[in-house]
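So the structure is just underneath, and the comments pick up after that.
The values are calculated or read from the model by the stated rules, or taken from the named source; none is laboratory data. Because the structure is predicted, anything quoted here is derived from the model rather than measured. Reconstructed Cβ throughout: ideal geometry from the backbone, glycine too, with neighbour counts over all protein chains shown. Each accessible area value is taken on the protein alone, full model and side chains, heavy atoms only, with ligands, DNA and RNA left out. Shrake-Rupley method; radii C 1.70, N 1.55, O 1.52, S 1.80 Å.
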Amino acid sequence: ECDERELMKGLLQAVPNHIKTMVIIESTANGTDNYFYDTYMKAKKRQSDFVAIFIPWWVHEEYQSRYSKNLELEELDETEQNLYNLMRAWSFGKYKIDHKQALTKLAWRKWCIRNNCGGSVKTFMQEYPSSDMEAFQKKEGRVYWAFDRDKHVIPHFEPDIDMNLFIGGYDFGAEHPTAYGI
C-alpha cells in the first residue's frame with residue numbers, strides 16, 4: 001500500500017520552483033481522510049499556493065446520451081430538476097449548456113446509474129460528482145442521501161418518569177457538526 005503523503009513529499013521535490021512549471025493533482029475523491037482532500041481543501045481556503053479547481057461531470061462532452069430516448073423537462077424528478085437548473089446556470093468561460101444539452105446529459109446520467117453504477121445514485125455521485133462536496137462523500141457522506149423524514153426521524157415522545165429510559169443518537173456527517181439528541 002502506498003502512503004500518498006510520503007509519495008507526494010518526494011515527487012514535489014522534483015518539481016522546479018519556476019514560473020513555467022505546474023503540478024496537477026487529479027483524483028477520484030474517495031472520502032475525506034486522504035492527501036487529495038487535505039490538499040484540495042487547503043487550496044480552496046487559500047492556505048496553499050495550489051488552486052482548487054472542480055469540474056462537474058456534465059462539462060465532459062462524452063457524458064451525454066446519443067442512443068437512448070432523451071428526457072422531457074416534465075419527466076424530471078426533483079433531483080434531476082435541480083441538476084438541470086444547476087447545469088443551465090453554470091458556465092465556464094464561454095462554455096454554456098443549453099436546454100437540449102442538459103436533457104441529453106440527464107438521459108445519459110439515468111443510463112449510467114442503471115448500467116455502470118449498479119442502480120446506485122450514490123455511486124454515480126462518487127464517480128461523476130456535481131460538486132466538490134459531493135465528490136468527497138464516499139466514506140463520510142450522508143448515510144441517507146435520499147432523506148425521508150418518516151423513515152429516518154424518531155418522533156418525540158414523553159417517557160414514563162419511572163422507566164429510566166435513555167435514548168441517544170449521534171450523527172457524524174462529513175460536512176455537518178456532530179449532532180446529538182436525547
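If residue 26 satisfies all but one of (1) closer than 27 Å to residue 95 by Cα; (2) in a helix (DSSP H, G or I); (3) within 19 Å of the chain's Cα centre (by Cα), what's the number of the condition it fails?
So the condition that residue 26 fails would be (2).
So which residues in region 68-88 are surrounded by fewer than 18 Cβ atoms within 10 Å (Cβ to Cβ) and touching a residue at least 40 places away in the same chain (Cβ under 8 Å)?
Answer for region 68-88, where residues must be surrounded by fewer than 18 Cβ atoms within 10 Å (Cβ to Cβ) and touching a residue at least 40 places away in the same chain (Cβ under 8 Å): 68, 79, 86.
Kindly check whether there is at least one residue in region 132-153 that is open to solvent by 60 Å² or more (accessible area, probe 1.4 Å), at pLDDT 90 or above and assigned to a helix (DSSP H, G or I).
Restricting attention to region 132-153, the residues satisfying the condition of being open to solvent by 60 Å² or more (accessible area, probe 1.4 Å) are 138-139, 142-145, 147, 149-151.
Checking the rest, the ones that are also at pLDDT 90 or above come to none.
No, region 132-153 has no match at all.
Count, please, the residues in region 32-46 that happen to be within 19 Å of residue 6 (Cα to Cα) and either basic (Lys, Arg) or in contact (Cβ under 8 Å) with a residue 60 or more places away in the chain (or both).
Residues meeting the conditions: 5.
What do you reckon, is residue 61 out of contact with any helix residue (DSSP H, G or I) (no Cβ under 9 Å at 6 or more places or on another chain) and closer than 22 Å to residue 93 by Cα?
yes
Just give me the residues in region 47-64 being among the β-branched types (Val, Ile, Thr) and either touching a residue at least 60 places away in the same chain (Cβ under 8 Å) or in a helix (DSSP H, G or I) (or both), in sequence order. Walk me through how you get there before you give the answer.
Taking region 47-64 and keeping what is among the β-branched types (Val, Ile, Thr), we get 51, 53, 55, 59.
The answer is 59, and nothing else.
When residues of region 1-50 are filtered for being under 30 Å from residue 98 (Cβ atoms) and surrounded by fewer than 11 Cβ atoms within 10 Å (Cβ to Cβ), how many remain?
Number satisfying all stated conditions: 2.
May I ask you to list the residues in region 114-124 that are farther than 15 Å from residue 60 by Cβ and open to solvent by 20 Å² or more (accessible area, probe 1.4 Å)?
Within region 114-124, the subset farther than 15 Å from residue 60 by Cβ is 114-115, 117-123.
Correct list: 114, 115, 118, 119, 120, 121, 122, 123.
State whether the residues of region 96-110 include one that is modelled with pLDDT of 70 or more, part of a strand (DSSP E or B) and under 13 Å from residue 58 (Cβ atoms). Reasoning before the result, please.
Our first condition is that a residue be modelled with pLDDT of 70 or more; within region 96-110, this holds for 96-110.
Next, from what is left, pick out any that are part of a strand (DSSP E or B): 96.
With under 13 Å from residue 58 (Cβ atoms) added as a condition, the list becomes 96.
Yes, that holds for at least one residue.
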